[in-house]
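See structure below.
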Amino acid sequence: EIYTLSLHDALPISIFRIRNIMIDCGIAFNKMKEDLYKCQYLLITHDHLDHVKPAVLNQIADQFPNIEIYSTYKVARINDTVTAINTDYLPIWLEKANCSMYAVPVPHNTICFGYVLLFEDMNVLYATDLKNTKELEQFTEQENILYDYTFLEANYDETKLKLLGDSWHGQYNAYVDSSERHLSKDDSLRFFAKHRKEGGEYIELHRSTRFY
């Protein structure tokens with residue numbers, strides 16, 4: 001088993017477990033509890049509530065004290081068991097997963113990490129809530145990585161946004177750079193096509209219910 005998915009009932013929020021590594025905890029505790037029994041690590045991408053619920057993080061730290069938790073310094077403020085990762089691209093060895101983990105800073109409106117997981121038998125990218133793939137491209141090419149599994153945001157369809165014109169639609173505005181906080185499915189697919197291994201699997205993240 002490579003990965004499993006837990007879903008929030010009401011919102012397009014997904015939580016993935018990749019082997020014994022859980023990523024994010026923005027859903028109800030009881031929705032992810034069974035998978036937590038199979039985990040030794042929790043990686044949190046950033047501090048927004050759809051990716052980390054403080055009450056859920058505290059429950060995990062209390063009820064699963066053997067799970068090691070890594071994230072940004074903002075998330076580490078929520079619970080002192082969280083190890084804050086420096087933005088220096090240095091690998092962290094996850095011994096119980098037999099995996100080297102890299103936290104790659106990606107552009108969002110808060111500090112946010114994409115995670116590159118290099119196991120002995122597969123390479124995995126997990127990145128959500130990012131405006132573009134510039135940092136991921138640079139890191140991936142520098143390290144000469146091809147991915148077996150690409151978990152990557154594919155939030156909206158560029159054509160649908162352009163048809164809306166210049167008007168604001170919440171967090172979406174196709175023409176004002178500072179408001180673009182998410183990755184289009186077109187850019188997501190371009191990254192996947194360029195950096196996948198032959199036969200590599202693509203898993204879309206964070207799809208908009210309205211603009212995908």
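The values are calculated or read from the model by the stated rules, or taken from the named source; none is laboratory data. The shown structure was predicted, so the numbers you read here are calculated from the model rather than taken from an experiment. Using ideal geometry, Cβ is built from the backbone for each residue, glycine included, and neighbour counts are taken over all protein chains shown. Ligands, DNA and RNA are stripped out before the accessible areas are found, and what is left, the full protein with its side chains, is counted by its heavy atoms. Shrake-Rupley method; radii C 1.70, N 1.55, O 1.52, S 1.80 Å.
Restricting 74, 53, 38, 31 to those that are open to solvent by 70 Å² or more (accessible area, probe 1.4 Å), touching a residue at least 24 places away in the same chain (Cβ under 8 Å) and not small (Gly, Ala, Ser) reduces the list to 31. In the range 191-202, the residues that are closer than 11 Å to residue 149 by Cβ form Cβ pairs under 7 Å with partners that are part of a strand (DSSP E or B) and β-branched (Val, Ile, Thr), at six or more places apart or across chains, as follows: 192/150; 196/150; 200/150; 202/150.
Checking residue 132 against (1) out of contact with any strand residue (DSSP E or B) (no Cβ under 9 Å at 6 or more places or on another chain); (2) of a type outside the set (Gly, Ala, Ser); (3) open to solvent by 40 Å² or more (accessible area, probe 1.4 Å), which test does it fail? The single condition residue 132 does not satisfy is (1).
Looking across the range 36-50, the residues that are of a type outside the set (Phe, Trp, Tyr) and modelled with pLDDT of 95 or more come down to 36, 38, 39, 40, 42, 43, 44, 45, 46, 47. Would the range 9-26 turn up any residue that is surrounded by fewer than 18 Cβ atoms within 10 Å (Cβ to Cβ) and either among the basic types (Lys, Arg) or outside any loop (DSSP other than H, G, I, E, B) (or both)? Within the range 9-26, none of the residues are surrounded by fewer than 18 Cβ atoms within 10 Å (Cβ to Cβ) and either among the basic types (Lys, Arg) or outside any loop (DSSP other than H, G, I, E, B) (or both). Can you tell me which of (1) in a helix (DSSP H, G or I); (2) surrounded by 16 or more Cβ atoms within 10 Å (Cβ to Cβ) is the one residue 58 doesn't meet? Failing condition for residue 58: (2).
Scanning the range 78-110 for residues that are crowded, with 18+ Cβ neighbours inside 10 Å, within 22 Å of residue 134 (Cβ to Cβ) and in contact with a Pro (Cβ under 8 Å, 6 or more places away or on another chain) turns up 101, 102. Of all residues in the range 173-212, exactly one satisfies the criterion of being at pLDDT below 90, open to solvent by 30 Å² or more (accessible area, probe 1.4 Å) and touching a Ser or Thr at 6+ places or on another chain (Cβ under 8 Å), namely 206.
Every listed requirement among (1) more than 27 Å from residue 196 (Cβ to Cβ); (2) in a strand (DSSP E or B); (3) not acidic (Asp, Glu) is met by residue 30 save one, (2).
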